[in-house]
1. How high is the relative contact order of region 50-177, in percent, counting Cα pairs under 8 Å that sit 6 or more residues apart?
2. Select from L76, G16, L65 the residue farthest towards the positive end of the dipole of region 15-102; place +1 on Cβ of Lys and Arg, -1 on Cβ of Asp and Glu, and compute about the Cα centre.
3. I'd like to check one number: the per residue accessible area of the chain, probe 1.4 Å, reported in Å² as a whole number.
4. What is the local net charge at G118, summed over the other residues whose Cβ is closer than 12 Å to its Cβ (Lys, Arg +1; Asp, Glu -1)?
5. Determine the dipole magnitude for region 58-117: charges of +1 sit on the beta-carbon of Lys and Arg, -1 on that of Asp and Glu, nothing else is charged, the reference point is the Cα centre, and the result goes in debye to the nearest 20.
6. Quickly estimate the mean residue ellipticity at 222 nm for the chain, helices only: each DSSP H run with n ≥ 4 gives -39500 (n - 2.57), and the total goes over all residues, rounded to 500.
7. State, as an integer percentage, the relative contact order of region 9-101 based on alpha-carbon contacts under 8 Å between residues 6 or more apart.
8. What do you get for trypsin sites (Lys or Arg not before Pro) in region 32-91 restricted to DSSP loop and a cutoff of at most 10 other Cβ within 10 Å of the site's Cβ?
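The values are calculated or read from the model by the stated rules, or taken from the named source; none is laboratory data. What you see is a predicted model, and the numbers here were worked out from it, not measured in a lab. Note: ideal-geometry Cβ built from the backbone for every residue, glycine included; neighbour counts use all protein chains shown. The protein model used for the area step is the full one, side chains on, heavy atoms only, and it has no ligands, DNA or RNA in it. Shrake-Rupley method; radii C 1.70, N 1.55, O 1.52, S 1.80 Å.
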Amino acid sequence: MSRRKDADVVLGKIRGVFGVRGWVRVESFTDPAENLLDYARWRVSTRSGHRILCPQEGRWHGPGLIVQLGTEDGGLIADRDAAAALVNAEICVSRTELPALPEGEVYWSDLVGLRVIGIDDEALGNVTAVLKNPAHPILQVGAEPGLLIPFVRGAIVESVDLERGEIRVQWASDYAL
């Protein structure tokens with residue numbers, strides 16, 4: 001189950017507008033969060049389609065990032081109405097733009113869709129989401145709320161095999177988190 005090398009990866013979401021000059025509030029899925037600003041071109045997916053936008057300026061404000069966006073042709077998202085049209089849009093970049101990871105590390109987006117195999121080779125289902133948690137990420141397996149499995153390498157997660165499309169865990173379907 002290899003991933004397409006040119007596929008888009010969701011790195012954040014536009015959560016709201018900030019002010020009247022076109023700035024937006026952004027939730028970043030990168031670690032650290034401000035790494036999202038390192039990507040010069042964002043493919044923004046809205047209900048009306050996709051467009052390429054470019055972060056012009058960004059900074060921390062309160063609990064998250066605020067960003068002024070520009071268009072590919074050098075224009076600027078400069079008013080509140082234009083910014084409001086972007087609310088709830090996903091921010092994607094091409095997988096080819098992501099930095100290489102150290103051996104044994106994976107991007108969370110690569111875990112979604114993998115089969116999860118538990119104790120005694122029990123098929124637990126497929127990862128439908130990776131949830132952010134202060135202590136460690138949590139794998140959601142199956143439809144919401146699904147089976148929740150802490151992503152703790154060694155203690156719970158034995159292996160992640162992207163080529164085979166599976167994660168082996170020390171967990172069973174009757175365990176509760």
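1. Worked out over region 50-177, it gives 15 percent.
2. The residue sitting most towards the positive pole is G16.
3. Here the residues of the chain average 57 Å² of exposed surface.
4. Neighbourhood net charge equals -4.
5. Roughly 200 debye for region 58-117.
6. After summing the helix terms and dividing by the residues of the chain, the value is -500 deg cm²/dmol.
7. It rounds to 39 percent for region 9-101.
8. Passing sites in region 32-91 are R47.
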